[in-house]
Amino acid sequence: MYDYLLVGSGLFNAVVANELNKTGAKCLVVERRNHIGGNCYTYNQEGIIVHAYGAHIFRTSDKRIWDYLCRFAEFNHFINSPIARYNEEIFNLPFNMNTFSRMWGVFSPEEAKKIISNQGKEIDYEPSNLEEHAIKMVGRDIYEKLIKGYTEKQWGKKCSELPISIMRRIPLRFTYDNNYYNDYYQGIPIGGYTPIIEKMFKGSKIVFRRDYCKEKTYWNAKANKIIYTGAIDEFYDYKLGRLDYRSLRFETERINIDNYQGVAVVNYTSRDIPYTRIIEHKHFEYGKQTHTIITREYPELFGDGMEPFYPINDEKNTILYRKYVELSKSEPKVILGGRLGTYQYTDMQDTIKMALDLSEKEIRNN
Ligand SMILES: Cc1cc2nc3c(=O)[nH]c(=O)nc-3n(C[C@H](O)[C@H](O)[C@H](O)COP(=O)(O)OP(=O)(O)OC[C@H]3O[C@@H](n4cnc5c(N)ncnc54)[C@H](O)[C@@H]3O)c2cc1C
């Protein structure tokens with residue numbers, strides 16, 4: 001008998017396992033994939049650390065979280081400065097003076113602000129969808145070249161049909177600064193994320209390639225408490241209905257050249273290119289290999305047997321999610337956690353914070 005059954009071996013349960021283990025609690029982990037780490041999983045291919053489920057760049061402004069993670073790895077000084085490619089044009093991201101200068105040939109913030117403000121006047125009413133909101137905030141040129149195609153591919157819907165909430169804050173700055181994030185701490189763990197997760201799970205028993213939802217009774221009998229980080233609607237066998245998700249397909253290729261695109265992340269913002277991004281993994285760690293590995297990221301409609309990567313937190317899904325949460329209150333033995341258990345997109349720093357908070361609560365109550 002274990003104290004805890006942890007369903008899923010992603011970052012959330014890895015942090016929980018690490019904290020609970022310190023108190024002497026015994027944890028059993030069941031994972032349906034054939035590896036630990038969930039979407040943070042990385043592997044080493046010929047010296048290049050490959051991010052198996054899309055680019056994972058760690059950043060936070062919370063010193064507690066930064067110090068916590070630094071106990072498990074050394075971080076390099078990687079700064080995310082992605083490029084947007086629109087047909088034969090290249091722009092810096094996030095939208096900043098380098099972007100405006102390339103787009104309009106302007107030099108000063110004042111000139112850029114004037115163009116954006118003039119173009120934004122097109123929407124002289126309260127925006128009711130993402131398209132109108134984006135044009136009002138950044139003008140039509142940036143919307144057409146850098147937002148429209150990318151966002152429509154990502155969500156599989158026209159921007160005029162998407163809610164503003166998807167892009168309420170459009171990153172916009174009037175300095176020559178290509179650092180995508182504003183956080184105080186940023187970097188990539190040297191050697192990838194998997195060694196971190198391995199260290200966190202030290203002391204726990206992990207069983208791979210088993211789906212908890214298919215053998216609930218079997219697994220439930222093995223522990224006093226369950227921390228479940230799979231999809232909440234799947235946990236309840238979809239009895240109130242299915243939540244919507246967006247999925248992704250990753251196509252990874254090894255190429256016999258030393259440098260494919262000169263930067264870790266290139267966003268393809270034209271609608272005609274089916275993928276949204278290409279990442280070139282070696283640039284996360286300043287690799288000097290003579291070959292390279294790239295991954296194309298294709299957004300896909302979510303369906304049976306696919307990975308639910310992004311929750312779609314619109315009104316309809318939020319109402320359904322709340323109903324599932326109500327249902328979960330009648331099960332004191334089960335805690336729903338992590339990204340899928342709480343039906344929200346969480347970055348790694350949020351995931352770690354949620355896991356530390358839960359662990360503290362569990363330790364306090366036991
Ligand atoms: C494409 C993409 C890019 C991202 N980029 C970044 C980034 O740059 N920076 C950042 O901070 N964050 C990023 N994130 C977010 C980051 O991946 C998450 O914060 C983190 O992985 C969440 O961890 P988790 O343990 O909650 O969930 P997950 O990583 O999803 O782990 C859940 C685990 O549970 C397993 N599981 C599910 N159901 C069952 C079941 N029934 N039985 C057994 N096992 C099950 C799954 O196989 C999985 O291994 C990104 C996410 C995605 C999707």
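If each Cα of the range 65-211 is one equal point scatterer, what is log10 of I(q)/I(0) from the Debye formula at q = 0.12, 0.13 Å⁻¹?
Values returned for q = 0.12, 0.13 Å⁻¹ are -0.68, -0.75.
Using amide H atoms built in the peptide plane, which far-off residues or other-chain residues are under 5 Å from residue 300 H to H?
Amide H neighbours of residue 300, under 5 Å, 5+ apart: 247, 248, 249.
Viscosity 1.567 mPa s, temperature 4 °C: what is the translational diffusion coefficient of the range 1-46 from Stokes-Einstein with a Kirkwood Rh over Cα pairs, rounded to a whole number of µm²/s?
Details: Rh = 11.4 Å.
Estimated via Stokes-Einstein, D reaches 114 µm²/s.
Using the number of other C-beta atoms within 10 angstrom as an exposure proxy, rank 201, 95 with the fewest first.
Lowest to highest Cβ neighbour count: 201, 95.
Where does each of 287-299, 17-29, 337-349 land if you order them by average Cβ count within 10 Å, highest first?
So the order, starting with the most tightly packed, is 337-349, 17-29, 287-299.
Pick out which of 131, 285, 251 has the largest mean-square fluctuation in a Gaussian network model of the chain, springs linking Cα atoms closer than 10 Å.
251
Place +1 on the Cβ of every Lys and Arg and -1 on the Cβ of every Asp and Glu in the range 42-143, take the dipole about the Cα centre, and give the residue among 70, 86, 118 whose Cα lies farthest towards its positive end.
Of 70, 86, 118, it is 70.
Residues with beta-carbon under 14 Å from that of residue 80, excluding residue 80: net charge, scoring Lys, Arg +1 and Asp, Glu -1?
-3
Give a residue-ordered list of calculated ³J(HN,Hα) values for the range 215-229 (Karplus: 6.51 cos²θ - 1.76 cosθ + 1.60, θ = phi - 60°; whole Hz; x for Gly, Pro).
9, 4, 4, 4, 6, 4, 6, 8, 8, 6, 9, 10, 10, 10, 10
Note the per residue figure in Å³ for the convex hull of the C-alpha positions in the range 1-86.
159
Calculate, for residue 251 and residue 345, the FRET efficiency according to 1/(1 + (r/R0)^6) with r their C-beta to C-beta distance and R0 22 Å; round to the nearest 0.05.
Between residue 251 and residue 345 the formula returns 0.45.
Taking the mean number of other Cβ atoms within 10 Å as a proxy for protection, how do you rank 165-177, 143-155 from highest to lowest?
Highest mean packing first, the order is 143-155, 165-177.
Suppose every K and R has +1 on its Cβ and every D and E has -1 on its Cβ; what is the size of the dipole of the range 94-167 about the Cα centre, in Debye to the nearest 20?
Its charge dipole is roughly 240 debye.
Please report, in debye to the nearest 20, how large the charge dipole of the range 215-275 is about its Cα centre when each Lys and Arg carries +1 at its beta carbon and each Asp and Glu carries -1 there. Kindly include the intermediate steps, with their values, before the conclusion.
On the way: 9 positive and 9 negative charges, 66 e Å.
For the range 215-275, the charge dipole is close to 320 debye.
Exceeding 29 Å between C-alpha atoms, which entries from my cross-link table qualify? They are 202/239; 114/148; 323/361. All intermediate terms of the calculation are to be shown ahead of the outcome.
On the way: 202/239 36 Å; 114/148 22 Å; 323/361 24 Å.
Pairs exceeding the cut-off: 202/239.
Per 5 Å bin, what is the whole-percent P(r) computed from every C-alpha pair distance within the range 94-167?
The calculated distribution, bin by bin, is 3, 17, 27, 23, 16, 11, 3, 0.
Using the crude model of +1 on Lys and Arg Cβ and -1 on Asp and Glu Cβ, and no other charge, please compute the dipole size for the chain relative to its Cα centre, in debye to 20. Write out the running numbers ahead of the final one.
Details: 51 positive and 48 negative charges, 200 e Å.
So the dipole magnitude of the chain works out to roughly 960 debye.
Membrane-span-like helices in the chain: DSSP H runs reaching 18 Å or more (Cα, own axis), mean Kyte hydropathy at least -1.0?
315-328, 348-365
Give me the distance between the Cα centres of the range 302-366 and the range 46-69, rounded to whole Å.
Here the answer is 21 Å between Cα centres.
Give me the number: length gained by fully extending residue 158 to residue 128, i.e. 0.36 nm times residue separation minus the C-alpha to C-alpha distance, one decimal in nm.
9.5 nm
Per residue of the range 279-293, what does 6.51 cos²θ - 1.76 cosθ + 1.60 with θ = phi - 60° give for ³J(HN,Hα)? Whole Hz please, x for Gly and Pro, Karplus curve as stated.
For the range 279-293, the Karplus curve yields 10, 10, 4, 4, 6, 5, 10, 6, x, 10, 4, 7, 10, 9, 10 Hz.
For the chain, modelled as a Gaussian network with Cα springs under 10 Å, which listed residue fluctuates most, 156, 230, 305?
305
For the chain, compute the orientation-averaged projected area of the C-alpha convex hull (one quarter of its surface), in nm².
Numbers: hull surface 78.1 nm².
Taking the Cα atoms of the chain, their convex hull projects to 19.5 nm² on average.
Karplus couplings for the range 140-146 from phi (6.51 cos²θ - 1.76 cosθ + 1.60, θ = phi - 60°), rounded to Hz, Gly and Pro as x?
6, 4, 5, 4, 5, 8, 10
Extending each Cα 7 Å along its Cβ direction at residue 300 and residue 90, get the distance between those two points in nm, one decimal.
Going by the 7 Å Cα→Cβ label model, 3.1 nm.
By per-residue mean of other Cβ atoms within 10 Å, what is the highest-first order of 273-282, 321-330?
Those peptides, ordered most packed to least, come out 273-282, 321-330.
Laboratory data are not the source of any read-out in this text; all were calculated from the coordinates shown. Predicted model only: the values in this text are computed from it and were never measured. All Cβ positions, even for glycine, are placed from backbone atoms using ideal geometry, and neighbour counts span all protein chains on display.
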